[in-house]
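Visitor: The following block contains the structure, expressed as structure tokens.
The values are calculated or read from the model by the stated rules, or taken from the named source; none is laboratory data. Given the structure is predicted, the values throughout are model-derived calculations rather than measurements. Every residue, glycine as well, gets a Cβ built from its backbone with ideal geometry; the counts of neighbours run over all protein chains shown.
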Amino acid sequence: MSNEITRDGMGKADDNSSTQPKKRPALPTIWLALGKARRVFNVQLNKTNIAKLQCICNQISSIPDQEKFWSEYQNQIDRLLDSRKYLKACETLNVSAENLAEHIVFSGSTEINKVLKDGIENTLKNKLKLYSDRLIDPETIKFFQNEVLSVSVG
């Protein structure tokens, strides 16, 4: 009887394996951190690139391997830059492919996939002007990392 499925009073199979929730695979650290950073950024009154970058830096301050985070961020940017369709659309729209890619990656993997599938104009529509400036500036990142460290230490 230990391996048999028993029936309860209602005639339903009593199989314990069907009542246990399925485990979802863990999200990579980059998407967890960017998801939290987006939620913080979305409630900010000041929606500048500096505020966006500060949200990212604050969220990754607790990640042990921040270089890996930025490496994965760059990999996602490169994923967009490897698309000929994306590069051609950027050229047509007269926008910097690198700058735009930095913002698209911040928006998440769903946004990246939509841009690659449906194109820049169909996905971003009126957000295009907001994404024209550079987001990832190494000097600004160093500044925010030092600020986070000085706040957490002091």
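Visitor: Select from the stretch 109-121 the residues that are surrounded by 14 or more Cβ atoms within 10 Å (Cβ to Cβ) and within 19 Å of Leu34 (Cα to Cα) and list them in ascending order.
Guide: Of everything in the stretch 109-121, those that are surrounded by 14 or more Cβ atoms within 10 Å (Cβ to Cβ) and within 19 Å of Leu34 (Cα to Cα) turn out to be Ser109, Glu111, Ile112, Lys114, Val115.
Visitor: May I pose another question? Only one of (1) in a helix (DSSP H, G or I); (2) without any contact (Cβ under 8 Å) to a residue 40 or more places away in the chain; (3) over 27 Å from Leu116 (Cα atoms) fails for Pro64. Which number is that?
Guide: Status for Pro64: all satisfied but (1).
Visitor: Suppose the filter is assigned to a helix (DSSP H, G or I), surrounded by fewer than 17 Cβ atoms within 10 Å (Cβ to Cβ) and at pLDDT below 95; does Leu124 pass it?
Guide: Considered against the rule, which asks whether it is assigned to a helix (DSSP H, G or I), surrounded by fewer than 17 Cβ atoms within 10 Å (Cβ to Cβ) and at pLDDT below 95, Leu124 comes out as no.
Visitor: So in the stretch 91-126, with the set limited to residues that are without any contact (Cβ under 8 Å) to a residue 40 or more places away in the chain and small (Gly, Ala, Ser), which one is farthest from Trp31 (Cα to Cα)?
Guide: The qualifying residue farthest from Trp31 (Cα to Cα) is Ser96.
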